[in-house]
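The values are calculated or read from the model by the stated rules, or taken from the named source; none is laboratory data. Treat the numbers as computed from the prediction; the structure is a model and nothing was measured. Ideal geometry is used to build each Cβ from the backbone, glycine not excepted, and the neighbour counts take in all protein chains shown. Areas reflect the complete protein model, heavy atoms only, side chains present, ligands, DNA and RNA absent. Shrake-Rupley method; radii C 1.70, N 1.55, O 1.52, S 1.80 Å.
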4 protein chains.
Amino acid sequence: MLSFTCDYTRGAHEKILKRLIETNMEQLPGYGNDHYCESAKEKIRRACECPDAEIYFLTGGTQTNATVIDSMLKKFEGVIAAKTGHINVHESGAVEYTGHKVLTLPGHEGKIRADELEAFLKTFWSDENREHMVFPGMVYISHPTEYGTLYTKTELEAVSSICHQYKIPLYLDGARLGYGLMSSCTDVTLPILSKLCDVFYIGGTKVGALCGEAVVFTHKNAPLHFTAMIKQQGALMAKGRLLGIQFDTLFTDDLYFTISRHAVKMAELLKKGFTEKGYSFFLDSPTNQQFIVLDNKKLEELQKKVAFEIWEKLDKEHTVVRFATSWGTKQEEIAELIALL
Amino acid sequence: MLSFTCDYTRGAHEKILKRLIETNMEQLPGYGNDHYCESAKEKIRRACECPDAEIYFLTGGTQTNATVIDSMLKKFEGVIAAKTGHINVHESGAVEYTGHKVLTLPGHEGKIRADELEAFLKTFWSDENREHMVFPGMVYISHPTEYGTLYTKTELEAVSSICHQYKIPLYLDGARLGYGLMSSCTDVTLPILSKLCDVFYIGGTKVGALCGEAVVFTHKNAPLHFTAMIKQQGALMAKGRLLGIQFDTLFTDDLYFTISRHAVKMAELLKKGFTEKGYSFFLDSPTNQQFIVLDNKKLEELQKKVAFEIWEKLDKEHTVVRFATSWGTKQEEIAELIALL
Amino acid sequence: MLSFTCDYTRGAHEKILKRLIETNMEQLPGYGNDHYCESAKEKIRRACECPDAEIYFLTGGTQTNATVIDSMLKKFEGVIAAKTGHINVHESGAVEYTGHKVLTLPGHEGKIRADELEAFLKTFWSDENREHMVFPGMVYISHPTEYGTLYTKTELEAVSSICHQYKIPLYLDGARLGYGLMSSCTDVTLPILSKLCDVFYIGGTKVGALCGEAVVFTHKNAPLHFTAMIKQQGALMAKGRLLGIQFDTLFTDDLYFTISRHAVKMAELLKKGFTEKGYSFFLDSPTNQQFIVLDNKKLEELQKKVAFEIWEKLDKEHTVVRFATSWGTKQEEIAELIALL
Amino acid sequence: MLSFTCDYTRGAHEKILKRLIETNMEQLPGYGNDHYCESAKEKIRRACECPDAEIYFLTGGTQTNATVIDSMLKKFEGVIAAKTGHINVHESGAVEYTGHKVLTLPGHEGKIRADELEAFLKTFWSDENREHMVFPGMVYISHPTEYGTLYTKTELEAVSSICHQYKIPLYLDGARLGYGLMSSCTDVTLPILSKLCDVFYIGGTKVGALCGEAVVFTHKNAPLHFTAMIKQQGALMAKGRLLGIQFDTLFTDDLYFTISRHAVKMAELLKKGFTEKGYSFFLDSPTNQQFIVLDNKKLEELQKKVAFEIWEKLDKEHTVVRFATSWGTKQEEIAELIALL
């Protein structure tokens, strides 16, 4: 059956598999100390136009979020996020498990607003009882958000500026970063992110890799002995080569960007198809995730022919569903889907 | 340069890579809910002769230890291990990070002794101040140990029996399990382990896989909502297929055992070679890790020609070093090494 | 200067101090194993009409909340509370520090609503992704709430019933419990609480003691080795006599209730005074905390003559302030205050 | 019955109780912000000859140890202690509960040795795998130790010097500090401690107070927002006056020292008595705890007449027991005891 349930339903881009095979019997040091990791880091630094970037490879998103957040927060600090942020909703309390509160701001189609962030910080710092409260120690945003939406450059600058005014780092969760950077509706680039964020990660798992996320500390600000903290979290891969080779391949000949652009194009075709058939959208997503409102009868009917994700109930008679494309989506799958509608 | 530094210097067995390619474009559910995971679990259950086994796939050893131990301990409990146990020495305090103490017993070539375990437990339970102490809540052993040694069936039975008498689970870290099971000096089998342990893991990372460890709860004793705890630990792989396909391949046609036996044979050849050349061993290891005593001059000389691991200083003039073989060691590499000695 | 800033500005009821002196040179076992603790527990059991109650004494509220909540939750669970709940706002993230998320419901003058609780639980249990979410493992309410309001018996029954339907314990934070039980507007009694809650605490610090909170597990449901967990939290007082003697005194001849009633009466006089002088209230509190709306000019003026707490800004020109009475408030202080208005 | 089980069997010194009564109805701010706390801090600074000292009051020893250690360690660090150290044995794993390992050195009558500390640190820092190990981030010593023994000034200087060489703080647990400082066999004073330690605490609970320990950071090195971390740990007493008034009294007219000297004198009498009656000592303690070797028959006989603590089995026929004196021990009690022997 046709499936658009999410962006990690397929294995890896064929170039990655090819490279894994070519390098397979080479004996390499473990734990990310191999030359493929080094090469991948150098290529990412160049793509970010950020020669000072300190880069680490981890395996998955929740692990990366917990490790980065815990390593950068002081014990009495929490992390600010949108109420709908992945760390607040869908990571089984991994951040709290490391001892830190997630402090929530309203989510606006998944995004936080700079003015609301500023008001929150101002209120906290003017509260005389703040020693009895959780100190805001970091800001977490996702880009694209969990709703597929994107911050504009101006919005990011505003959030970044407030973070720096209050001397707390800005952390960007880029699980689907490629799909955001290659959207036709964005003015945000990797070098811009590298300037505005203190740390972010470039998602591999959802963008062509078997697994792997590349954490980028943008101004030599990686926490002291970050590797020991990765190990402590159980996140240090023995065969670090698996991550190095994958990212080295993704950042060779712009593969990461090319396959991301493909996914976005597929999403645009899908969007066009749904629009032309008269479907309505829950919100306007410029990336690879599309949120569509279905009446429940149509939903049942469609579920028989194609797999997608139930997002949330809108009202008694309507449901929001998600269709996701990916690096691996084939154009004929989109055509087949549209024919079904 | 020739290298025997450890057993994870190469990628994966070629059959695994082949299978990853064959299945690559198949769309599968995430988080270990795919049919390859199911198939792998079924094959492992059969290999263990343990139809009740509940099996979960994680990515690496430290992660597996922390997740299993934390999920099975109550908050006021710690885990008993040999002083030399991996969790006590080389996991960056991952167990303590989850809030639990490692309670140590003397290590005897890496092994704990049943009588010392019993004495420890007896002393604890007869101490009137025990509410001020860490309760022993689990026993951790590694097999093969960090020194390549193996428990005999009788030794395991004794440890297991005491655990059950004191109603605490026995957990076996099998990072190198294949190399233990295929030793020519063991009377321990997978079905025996499944009977004597409450939980253990079958190591993939060091035995032919890119990554992956299979946790086996042997009598329907997986903690409630164990998946949520894996997720909370940041250890739930989105593309669980990567683990499922690898273990499915390893447990097809006895591949796991065949490649383990190969590694042990290579170690036996290496051992013979060193012996014949008059080298002495730190201890008698029947598995893939061999510990050799070198005088420091010889050490320096050898380091120029072959890579191996410095284990520890024996005295001012001698050093213990480790040579490890693996599923990927070639017989000509052994020959070349021996020629060098 | 006159002060109504909070209910812990004075030492302890004189009968408590007297008793401490009388018993001072008696040699007693530590850690709560003395006969005064036993006697206090027995008196509390009788006051609760709950012969099965298991009772423990801790030192303060935040400590009690963190210890009780962490000891009753499984690792993958969080605690549900009103957004305005003390554990969510004013305990420096003590609950998250133990690894658990606070899951918030809307606060209605400090209270949660049974229907919203039910909807939350229903939604959680019908979510297919719940293994990626924090499991609701307990409900926390405060009574009186942080806003001085009280649950009615009917409201408590409704919340309790839903908790039991979903098999999660109901925990009531009674930091100011006396002031709630002795309100003239309540139909809730200690025996009723003991029936409806799984665990609650009777606050001493704010009701006549130097320090101390009595945790009551109502149906032999104290977690196994709870004392070890109190110790682990650093909350086990060596001279447990200090807590035992205080609670023994408070529960002798109804002292706890008598002094609580006094505080409520003082609050009623204060309320009457403010009302008669034309002040308006932020909400209608039937307990010892009164929340008054002041225009900012009046606020400044009043601050020169009497101490009280700034609660929150209402709008640009008005501020909510809190006046608290306690067991130690003297009637002439109220008279003096009213004269000032 | 006569009792020498420990040094916290009685309430508080009468001067403390008197002062609590005198100040009882004064309205004071909470959480340690009252003028009694300020006054106590100033007096302690003077007694320490350490005008830069930053001082905080906590309630008990385990709480103090966990709060101080966790607040000063980085996430990847552990604390070094003697194997027999209180934090390693009798605090229910409170340090591990905060996420940190206790790294043990051999105990020599409760003390660590500077040369063994140096060897440990040197080995750690020369280990190439140290990113996989727990970093030593602090040294914990107790003085007097759990065996009543004392470091000499020279020994303390040696330990302190190594700590500073390796840039890790030295923390001294002074639960019984008074009894150490007033020993007739010590050359260590409070000003000396203040120079050699980075942080230490002056124990109140065991030396005349109902509860309370005064933490002294000796060179303006209190961790940022330490109060928030005390609160987070559940260790911030609402009525901080209880701690302030007690320490203010203890440090008025040398009360702390006078009552400590009394306890040591009582111990010396006791020691003389046991010696003259031909008893043998487990070790030579110059403080208030005396460890005596009894044959098991004598033990049973003695237990009928006097209470003391069973410390540990020495061999099949002998047991080590502890007799403790305190600020509250009466000379006639010693006489009575000796008459019994």
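Data for the structure
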read-out: Chains B and C, summed buried accessible surface - 1.4 Å probe, Å², nearest 100; value: 1800 Å²
read-out: Label geometry 7 Å along the beta-carbon vector: C:LYS15 inter-copy distances in nm; value: 3.2, 8.1, 8.2
read-out: Length-normalised contact order of chain C in % [C-alpha pairs under 8 Å, at least 6 apart]; value: 26 percent
read-out: Distance histogram for segment B:115-232 (every C-alpha pair counted, 5 angstrom bins, percent rounded to whole numbers); value: 2, 10, 18, 21, 18, 14, 10, 5, 2, 0
read-out: Within the accessible area of segment D:167-248 (1.4 Å probe), percent carbon and sulfur; value: 58 percent
read-out: Label distances, nm, A:ASP295 versus same residue in remaining copies, Cβ-directed 7 Å point; value: 5.6, 9.2, 9.8
read-out: Chain B: DSSP helices with Cα axial extent of at least 24 Å and average Kyte-Doolittle hydropathy no lower than -0.5; value: B:255-276
read-out: For A:LYS277, label point 7 Å along C-beta direction: distances to other copies, nm; value: 7.0, 7.0, 9.6
read-out: Label-point gap, in nm, between B:PHE281 and D:LEU341 - each point 7 angstrom along Cα→Cβ; value: 5.8 nm
read-out: Taking segment D:95-216 and dividing mean pair separation by its residue count, relative contact order in percent (alpha carbons under 8 Å, at least six apart); value: 21 percent
read-out: Percent accessible area from carbon and sulfur atoms, segment B:85-162, protein chains only, probe 1.4 Å; value: 49 percent
read-out: Pairs of Cα atoms farther than 26 Å apart, segment B:1-156, %; value: 45 percent
read-out: Whole-number accessible area per residue in Å² for chain D, which is evaluated in the context of all protein chains at 1.4 Å; value: 36 Å²
read-out: Closest approach to the axis - chain A beta-carbon, rotation onto D, Å; value: A:GLY99, 4
read-out: Spacing of the two label points (7 Å from each Cα toward its C-beta) at C:SER184 and C:HIS35, in nm; value: 4.3 nm
read-out: Helix-only CD estimate at 222 nm, as mean residue ellipticity for the protein assembly as shown, using -39500 (n - 2.57) per DSSP H run (n ≥ 4); value: -12000 deg cm²/dmol
read-out: Summed residue charge, Cβ within 14 Å of B:LYS316's Cβ, Lys/Arg positive, Asp/Glu negative; value: -2
read-out: Trypsin sites (Lys or Arg not before Pro) within segment A:201-246, DSSP loop, no more than 16 other Cβ atoms inside 10 Å; value: A:LYS220
read-out: GNM top mover of C:GLN303, C:GLN63, C:GLN331 - chain C, alpha-carbon springs below 10 Å; value: C:GLN303
read-out: GluC sites (Glu not before Pro) restricted to segment A:56-142 and DSSP loop, no more than 14 other C-beta within 10 Å; value: A:GLU128
read-out: Rounded, prolate or oblate (a/c below 1.5 giving rounded, otherwise prolate when a/b exceeds b/c) for segment A:241-324 by Cα gyration tensor; value: prolate
read-out: Size of segment B:281-332 as Cα extents on the principal axes (Å, biggest first); value: 35, 25, 13
read-out: Whole-number Å³ per residue for the convex hull built on Cα positions in chain D; value: 138 Å³
read-out: Orientation-averaged projected area, Cα convex hull of segment C:169-267 (nm²); value: 7.0 nm²
read-out: Ranking by accessible area, most exposed first, for C:ASP284, C:ASP187 with a 1.4 Å probe; value: C:ASP284, C:ASP187
read-out: Range of Cα positions in segment A:4-67 per principal axis (Å), largest first; value: 38, 32, 23
read-out: Directionally averaged projected area (convex hull, Cα atoms, the protein assembly as shown), nm²; value: 51.6 nm²
read-out: D:ALA82 long-range amide H proximity, modeled H, under 5 Å; value: D:LEU105
read-out: Length added when fully stretched, D:LYS195-D:GLU26, from 0.36 nm per residue minus Cα-Cα; value: 57.2 nm
read-out: Radius of gyration, Dmax [segment B:196-341; alpha carbons; angstrom]; value: 19.4, 56
read-out: Coordinate range along principal axes, alpha carbons of segment D:237-282, Å, largest first; value: 50, 24, 11
read-out: Student exercise, the protein assembly as shown dipole from Lys, Arg, Asp, Glu Cβ charges, in Debye to nearest 20; value: 0 debye
read-out: Shielding by partners - mean other protein chain Cβ count within 10 Å, residues of C:123-133; value: 4
read-out: Cα lying deepest toward the dipole's positive end in segment B:26-114, options B:GLY30, B:SER71, B:HIS86, charges on Cβ; value: B:HIS86
read-out: Per-selection Rg to Rh, segment C:85-142 - Cα, Kirkwood hydrodynamic radius; value: 0.98
